[in-house]
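Every read-out reported here was derived from the displayed coordinates using simple, explicitly stated rules and does not represent laboratory data. Model, not experiment: these values are computed from the prediction. As a convention, Cβ positions derive from the backbone with ideal geometry for all residues, glycine included, and neighbour counts pool all protein chains shown.
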Amino acid sequence: MTVGTTTLPESDPQAPPADPGDRHSGSVKAWDAPTRIFHWLLAILIAVSWATCEYSEALDDPVLKWHRWSGLLILTLLVWRLLWGVFGSSTARFAKFIPTPLGLATYASAVRYGREPKFLGHNPLGAVMIVALLALLLTQAMLGLFTVEHNDLTAGPLYHYLSEEGRKAATSWHRHLFEEVTLWLIAIHILVNLVYAIFRRQPLIRAMISGRKPASDYADAKTLDGVPRPMFRAAILLALSAFIVFGGIWAVGGKFLQMRLW
Ligand code: HEM
Ligand code: HEM
């Protein structure tokens, strides 16, 4: 099935006529709704995770209950994204957007000469950044499971699996990885997308909101492929992800300390 109503470039002789019923004609479907919802939820929850840790005193939350909830939700979202990278629409599928070294080198050299092709999904350089971001956030959230609060008031649910030394190391990595690596990568990610919007006139940010890009000649347009009933499929996968994360922690004897919300 094709994602949305695709308006191929006018120069393509095989392009089907634009769907007259399409109120977005002149634009092409790029991102499905679940991928977009994932993205903005992830961004919000990262901000929440940071703020609930930084301002835990002001929030009267010495046991970092909100931070741990937010972190576990991020972990669930990330597991969902891994599943969506296999069972989701083509622009979200890892096999479609993770570049080969040759593809990456060819794209990078085309960028140098300002002749790079456009992509509906992630371009090869963007894909590397996205995979790095997802891997870092996954590591960050997994480390959180073993992290101990610095006053020993609380801990991640799997802290008792590590020795005293191991917990200290996990806690230190959990903090430093975020402050010294992940945060910078997120800043670069946002900056690059702003540069694309302002200087290269490619509305990538708008596309992450509306799901659509202006009709043009996209290198990956021919492989564009959606899934039937994406929201339903995404909801099933989300339930599965929550089961994997919360059920998995519970199954291995994890302890959800002081997590009651009321
Ligand atoms: C904590 C903040 C953020 C994180 C962790 C984050 C992470 C990500 C991830 C993981 C993706 C890949 C989406 C996917 O394939 O599932 C992505 C894509 C994207 N993000 Fe963010 N993001 C953040 C904030 C933002 C902000 C504030 C903007 C807008 C200024 C933005 C704009 C975009 C755009 C335009 C894409 C698509 C890039 C492309 O066309 O290749 N992101 N982001
Ligand atoms: C991607 C998700 C996460 C991010 C971005 C994140 C970020 C952070 C940051 C920046 C700190 C240091 C706060 C400070 O000392 O000012 C922190 C501490 C902490 N996090 Fe997370 N975290 C995440 C997930 C988790 C998870 C899943 C858990 C456990 C369920 C968790 C448990 C903790 C605990 C217990 C601390 C306190 C450590 C200390 O007192 O030094 N985090 N987190």
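Here are the numbers for this structure:
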{"read-out": "Net charge, Arg201 excluded, C-beta distance under 13 Å - Lys, Arg +1, Asp, Glu -1", "value": "+4"}
{"read-out": "Axial C-alpha extent at least 24 Å, average Kyte-Doolittle at least 1.0 - helices from the chain (DSSP)", "value": "33-54, 124-144"}
{"read-out": "Pairwise Cα inverse-distance average, inverted: Kirkwood Rh of the chain (Å)", "value": "20.4"}
{"read-out": "Debye-sum result for the range 131-185 in log10 I(q)/I(0), which assumes one identical scatterer on each alpha carbon, at q = 0.16, 0.25 Å⁻¹", "value": "-0.45, -0.92"}
{"read-out": "CD proxy at 222 nm, helix term only [per DSSP H run n ≥ 4: -39500 (n - 2.57); per residue of the chain; nearest 500]", "value": "-16500 deg cm²/dmol"}
{"read-out": "Quotient of C-alpha Rg and 2.2 N^0.38 Å, computed over the range 129-223", "value": "1.55"}
{"read-out": "Protection-proxy order for peptides 42-49, 99-106, 77-84, 111-118, each taking the mean of Cβ atoms within 10 Å per residue, highest first", "value": "77-84, 42-49, 99-106, 111-118"}
{"read-out": "All-pairs Cα distance distribution in the range 66-186, expressed in whole percent, bin size 5 Å", "value": "2, 10, 16, 17, 15, 12, 10, 8, 5, 3, 1, 0"}
{"read-out": "Neighbour count of at most 14 Cβ within 10 Å plus DSSP loop: longest GluC sites (Glu not before Pro)-free window in the chain", "value": "58-262"}
{"read-out": "The chain, relative contact order in percent, only Cα pairs under 8 angstrom and at least six apart counted", "value": "30"}
